[in-house]
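Let me begin by presenting the structure, written as structure tokens, before commenting on it.
The values are calculated or read from the model by the stated rules, or taken from the named source; none is laboratory data. If you're wondering where the values come from, they're calculated on a predicted model, not measured in any experiment. Backbone-built Cβ (ideal geometry, glycine too); neighbour counts: all protein chains shown.
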Amino acid sequence: MTPASPPTIDIALARGEAYRCVARACAFPTAAFGEILAQGLWLAVLDDAVGKLPPEEALLDALAALEIVQPTLDPAALAREYTRLFSNTGLTDCPPYGADYLTSHIFMRAQSLADVAGFYHAFGVAMGAGTERPDHISAELEFMGYLCWKEAYAVEHGLAEALEITRSAQRRFLEDHLGRWAPCFLDRFEAATTQPFYRAVAAFAMAFLAIEASWLGVTPEAVQEPPRETSLPGAFLCGDNQGRCPLQLTTNTSLNRSTRDGDMVQGDPRGSLPPWRGKSFLIPSPLEGEGGDGGDRRGAHLPTSILPRRRGRGIEVGSVSHNLLWTDLEL
């Protein structure tokens with residue numbers, strides 16, 4: 001695919017399906033997903049999506065590797081491996097969170113998370129409580145797939161402005177977030193895992209994201225490794241061993257009482273800091289015209305019917321996806 005290629009409904013839907021398949025493979029392998037894998041249904045959906053995209057040798061080779069490892073799949077072993085790699089992200093060599101790669105200070109990470117959450121909010125989706133952080137690899141991949149399906153709706157209905165908004169969001173999100181850190185994570189994931197399926201998933205995702213960057217005409221500034229934790233210059237001063245508090249404000253900073261979890265971040269019109277519980281996954285939130293609150297969602301005016309029913313394989317999307325639970329859709 002090339003940047004000059006015009007958007008089409010079939011290609012947009014195929015890109016969306018590919019994103020969502022990879023997103024689900026990068027989330028924890030539940031028992032339900034294990035059954036889908038063992039039956040070959042996940043691979044069938046991904047194969048169908050790749051077949052609708054312009055042929056790319058790297059992507060076809062990566063798909064062939066997934067087909068080779070399909071007979072060896074052991075869902076229980078995948079669950080154990082996922083737990084081994086990601087149960088303690090503070091110790092893992094491949095944390096699955098974007099902010100861990102893009103920023104080196106906890107306050108900068110909060111801003112990065114707010115930016116990602118702002119993208120989600122603008123297009124009418126939000127993180128479900130008790131699932132994962134908004135910058136989890138699976139959540140960001142699935143959001144890109146969601147934008148692809150919005151693109152398909154805009155193309156089908158001749159909505160030129162909506163199409164440009166959606167394509168612009170894809171370019172910005174890939175260039176500023178997913179495209180910058182995912183290659184580093186996937187490379188580390190491929191090296192760290194002992195499961196052939198996960199190695200093949202990582203290789204496929206890397207090939208797919210490289211093609212996506214070319215397709216959207218962006219060149220993300222990819223990080224090479226997670227940065228080390230650093231202090232924020234001028235913000236705090238460590239204690240001087242004279243009995244004073246180890247953290248002291250040195251700048252003339254007043255904390256506005258309205259700036260807290262759930263409120264608008266001062267100076268940031270893009271969204272708010274989500275309430276943090278250590279976990280959070282994307283779920284649909286009401287859009288304007290679909291029972292929403294009518295607030296400014298900057299792009300969320302596209303109706304939920306942007307996700308058309310697609311039948312053929314009888315797999316409910318809600319059982320394939322871990323983040324966006326489209327309960328009224330089928331692949």
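Step by step: first the residues of region 55-79, then only those that are free of Cβ contacts under 8 Å to residues at least 60 places away in the same chain and loosely packed, with under 13 Cβ neighbours inside 10 Å, then the one that is nearest to Arg15 (Cα to Cα). Which residue is that?
Pro55
Give the residues of region 30-54 that are closer than 13 Å to Glu212 by Cα and exposed (fewer than 15 other Cβ atoms within 10 Å of the Cβ), sorted by residue number.
Of everything in region 30-54, just one residue is closer than 13 Å to Glu212 by Cα and exposed (fewer than 15 other Cβ atoms within 10 Å of the Cβ), namely Pro54.
Determine which member of the set Asp93, Asp115 is in contact (Cβ under 8 Å) with a residue 12 or more places away in the chain, more than 19 Å from Phe143 (Cα to Cα) and of a type in the set (D, E, K, R).
On inspection, the qualifying residue turns out to be Asp93.
Ala27 - would you say it is among the small types (Gly, Ala, Ser), touching a Phe, Trp or Tyr at 6+ places or on another chain (Cβ under 9 Å) and either surrounded by 14 or more Cβ atoms within 10 Å (Cβ to Cβ) or within 28 Å of Gly130 (Cβ to Cβ) (or both)?
It is true that Ala27 is among the small types (Gly, Ala, Ser), touching a Phe, Trp or Tyr at 6+ places or on another chain (Cβ under 9 Å) and either surrounded by 14 or more Cβ atoms within 10 Å (Cβ to Cβ) or within 28 Å of Gly130 (Cβ to Cβ) (or both).
State the number of residues belonging to region 171-197 that are surrounded by fewer than 22 Cβ atoms within 10 Å (Cβ to Cβ) and either under 19 Å from the mean Cα position of the chain (by Cα) or aromatic (Phe, Trp, Tyr) (or both).
The total comes to 10.
As an exercise: evaluate Gly130 against (1) of a type outside the set (Phe, Trp, Tyr); (2) at negative phi; (3) surrounded by fewer than 24 Cβ atoms within 10 Å (Cβ to Cβ) and give the number of the one condition it does not meet.
Evaluating Gly130 over (1) of a type outside the set (Phe, Trp, Tyr); (2) at negative phi; (3) surrounded by fewer than 24 Cβ atoms within 10 Å (Cβ to Cβ) leaves (2) as the failure.
For region 103-124, state whether one or more residues are surrounded by 19 or more Cβ atoms within 10 Å (Cβ to Cβ), in a loop (DSSP other than H, G, I, E, B) and aromatic (Phe, Trp, Tyr).
Within region 103-124, one or more residues are surrounded by 19 or more Cβ atoms within 10 Å (Cβ to Cβ), in a loop (DSSP other than H, G, I, E, B) and aromatic (Phe, Trp, Tyr).
Mind checking which residues of region 203-227 are buried (at least 17 other Cβ atoms within 10 Å of the Cβ) and of a type in the set (Asp, Glu)?
Matches in region 203-227: Glu212 only.
In region 85-112, which residues are among the small types (Gly, Ala, Ser) and modelled with pLDDT under 80?
Selection gives Gly90, Ser104.
Counting only residues that are surrounded by 13 or more Cβ atoms within 10 Å (Cβ to Cβ) and among the hydrophobic types (A, V, I, L, M, F, W, C), which one in region 80-96 is nearest to Ala27 (Cα to Cα)?
Out of the qualifying residues, it is Phe86.
For every residue, the table says whether it meets (1) assigned to a loop (DSSP other than H, G, I, E, B); (2) more than 25 Å from Glu190 (Cα to Cα); (3) of a type in the set (D, E, K, R).
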residue	(1), (2), (3)
Asp61	no, no, yes
Ala65	no, no, no
Leu85	no, no, no
Asp100	no, no, yes
Tyr146	no, yes, no
Ala152	no, yes, no
